[in-house]
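Before any comments, here is the structure.
The values are calculated or read from the model by the stated rules, or taken from the named source; none is laboratory data. All of these numbers come straight from a predicted model, not from anything done at the bench. Every residue, glycine among them, receives a Cβ derived from its backbone with ideal geometry; neighbour counts consider all protein chains shown. The accessibility values were calculated without ligands, DNA or RNA, using every heavy atom of the protein model including side chains. Shrake-Rupley method; radii C 1.70, N 1.55, O 1.52, S 1.80 Å.
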Amino acid sequence: MTYRVDYRQYRRPFRRPIHTHHGLWTERKGLILRLTNRDGHIGLGEIAPLPNFGSESLAQAVEWCQSLEGRCTADTIRSIPTNLPACQFGFESAEHMITVSPPSSPIIPHPVSVVYCRLLPTGKSALTAWKPFYAQGDRTFKWKIGVDPIQTELALFNTLVYQLPPDVTVRLDANGGLSWDEAAQWLSVCDRLISMAPSIRPSPPIEFLEQPLPPTQFDPLLQLSRHYQTPIALDESVATLAQLQDCYQRGWRGVVVMKAAIAGYPSRIREFCRTHQLDVVWSSVFETAIARRYILDHLVPSISDNRAISHPKRAVGFGVQHYFADTVIDESGTHRDDLNSLFDHRNPS
């Protein structure tokens, strides 16, 4: 099967910069991909690189798309290099959509019903930011740590956790930015809260501490996971399928946070997660609705249905849309409310 390949760059400004251990992030850039087969059936995909997590850069993704010269085959898609995991995801998901979408329309199906985890802002803003989301039904929140001095963050966290209603669960995400001593300090605080929880709330207040140490410190991460009651989740350590496989082979059996849009071929991610019955949390890389809906429609249900009985059903980490302005801006600076309008038949890539 041969496909015509069109692609367009986009950028989506955040309403305010995202502050993590990796620094400030002011806008999301990526590519919207369109494959068309000889019958005119269309599949949309998205390439949303995240170099800080080990994926290719946007420039490398563009270079790969340019090398195709407007055409690719199914075999080309299957042979995308492993150092281009976001391209692997984008092309395979676009090809898949051709087979599952109505032939006359590239519209992505609406996502299945899922429970979302909402990302709170760093710092004091978190103390009030959770309230409107709680009012609309959200019960899981993520808070980034490892940004400010630890004593400052612990003081804020202590205030936050005692403000939250008893049916709320918090995920702490360090993005690999803590030292061993800082990680131990956070885990001790969380363990104490968990030990107090049965008498005052229906579930523990802390779901897990995400990636407290850098990916290079796998053995210390494994040690921490065995020493404390608070679960540890791997994120940056398992950014790609190859990394996930390596961590599993080295003994990790805890929670893994999968950013599918940068992890590689969706079919291979699905197969590995199902085969090993992993405790997976699906998470966003601030992608558009193209990638998000593919993940929620075709990856989340296929893994959730096969989840081991001992694994809880976890909220998906896609509660981030409130961070965006309402429009997509293409590389020419034009505002595009409709992602499909990024493509102009009169001006193909």
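Summary of computed values
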| item | result |
| --- | --- |
| Relative packing of peptides 288-294, 191-197, 273-279, 26-32 - highest average C-beta neighbours within 10 Å first | 288-294, 26-32, 273-279, 191-197 |
| Where labels lie 7 Å past Cα in the beta-carbon direction, separation of residue 179 and residue 335 in nm | 4.7 |
| Local electrostatic count at residue 259 - Lys and Arg +1, Asp and Glu -1, tallied over other residues with Cβ under 14 Å | -4 |
| Computed FRET value (nearest 0.05) for residue 39 with residue 16, which takes r as the C-beta separation and R₀ as 41 Å | 0.35 |
| Per residue value of the accessible surface for the chain (all protein chains in place, 1.4 Å probe), Å² | 43 |
| The chain, accessible surface, carbon-and-sulfur percent (1.4 angstrom probe) | 50 |
| Model label zone, residue 75; criterion: amide N under 20 Å from point 7 Å along Cα-to-beta-carbon; scope the range 1-31 | 1-5 |
| The chain: relative contact order as a whole-number percent, Cα under 8 Å and 6+ apart | 21 |
| Alpha carbon convex hull of the range 140-281, volume per residue in cubic angstrom | 111 |
| Residues residue 99 and residue 25, FRET efficiency given R0 of 41 Å [Cβ-Cβ distance, rounded to 0.05] | 0.75 |
| Total charge dipole magnitude, the chain, about the Cα centre, Cβ charges on Lys, Arg, Asp, Glu only, Debye to nearest 20 | 580 |
| Mean separation of Cα contacts under 8 Å (6+ apart) over length of the range 141-276, as relative contact order % | 20 |
| Volume per residue that the Cα convex hull of the chain spans, once the total is divided by residue count, Å³ | 135 |
| Reachable lysines, given that their alpha-carbon falls under 30 Å from the alpha-carbon of residue 29 and they are not under 8 places away in the same chain | 124, 131, 142, 144, 259 |
| Inter-part distance where the range 253-271 and the range 148-188 are each reduced to a Cα centre, Å | 26 |
| For the range 1-68 and the range 116-147, distance of Cα centres in Å | 27 |
| Cα lying deepest toward the dipole's positive end in the chain, options 220, 290, 86, charges on Cβ | 290 |
| Given charges at beta-carbon only (K, R positive; D, E negative), |dipole| of the range 171-312 in Debye | 380 |
| Net +/- balance of residues flanking residue 69 in space, Cβ distance below 15 Å, scoring K and R +1, D and E -1 | 0 |
